[in-house]
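Chemist: Before we start, here is the structure in question, set down as structure tokens.
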């Protein structure tokens, strides 16, 4: 089946007239702003927060364009990646009639955003090796399947999804293939961003919350064809990225060396923690990870989780989801935090 964007977009989205601000319509540099009913006297803060932010974040996109090697018009910025997930479902999935495909265990917001929009979710569990079940995917796809969400490296399993299988889907699926690369900076596998010129149905999601350490600023990035980005800009809230976030992210993007140093430290700590956890008698398996966390299978995971909580150490209990029975997800901390975890676990009595 051949991908055709025009056939994929909901009719009401095609027909709608987007909200347009004067700043959006006026592309030159203004000296007097009397268009948006702002307070002209400034604010109680030292920064110029009395003015609305750039609705399309062009300065930030131009900076990201250089870092990611993608033209600015192929970038959408959202209030976290979750905004991007929600917008894609709203643009391309007709409520009640259409469906998306997800591969549990995986990131939970794909399912939540679909349910909020009354869109059916088809779940195709990963295989026992946490890879795509290609035969089951082929059987599940129908004419109402509009989006396939693939998390790679996957959360909560930590592994990267086989690249050749993703390429098979990209070549044979007539809808959108969204690859969530939130943890790509920690991965041995390369990003799919360079493939945007090859696949018109490819959407790549990344975030500044993980390797860049900016979770509190809530900035997610979508990379896709210009037509897809245009549709997302058409229906997003006018000023979805606030001024403070734009300014602080611009400053942070100048600190690549800091980011790269901490990525290397995290990967080193990940491998050391994996080895040391594996030596504990109650740990049954620590799965390979391309992310900044480990998934560990253990005897009585819930008891161990409660024990850690009692010691004021919080990990993520994943034992209630498919393929993760008796598993805890452990984020890689600082060397000191990782050692404290190990010292605490060494006192646990089975």
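Chemist: Being more than 16 Å from residue 180 (Cβ to Cβ) and within 19 Å of the chain's Cα centre (by Cα) is the filter here; which residues of the stretch 93-116 pass it?
Modeler: 115, 116
Chemist: Listed residues 82, 162, 86; which is in the same structural domain as residue 178 (by TED's automatic domain parsing) and under 24 Å from residue 2 (Cα atoms)?
Modeler: Testing whether each residue is in the same structural domain as residue 178 (by TED's automatic domain parsing) and under 24 Å from residue 2 (Cα atoms) leaves just 162.
Chemist: For a quick check of your reading: which helices (runs of 4 or more DSSP H) sit entirely within the stretch 30-126 and have at least 3 residues that are more than 27 Å from residue 246 (Cα to Cα)?
Modeler: By residue number, 109-116.
The values are calculated or read from the model by the stated rules, or taken from the named source; none is laboratory data. The structure presented is a predicted model; accordingly, all values stated were derived computationally and were not measured. Backbone-built Cβ (ideal geometry, glycine too); neighbour counts: all protein chains shown.
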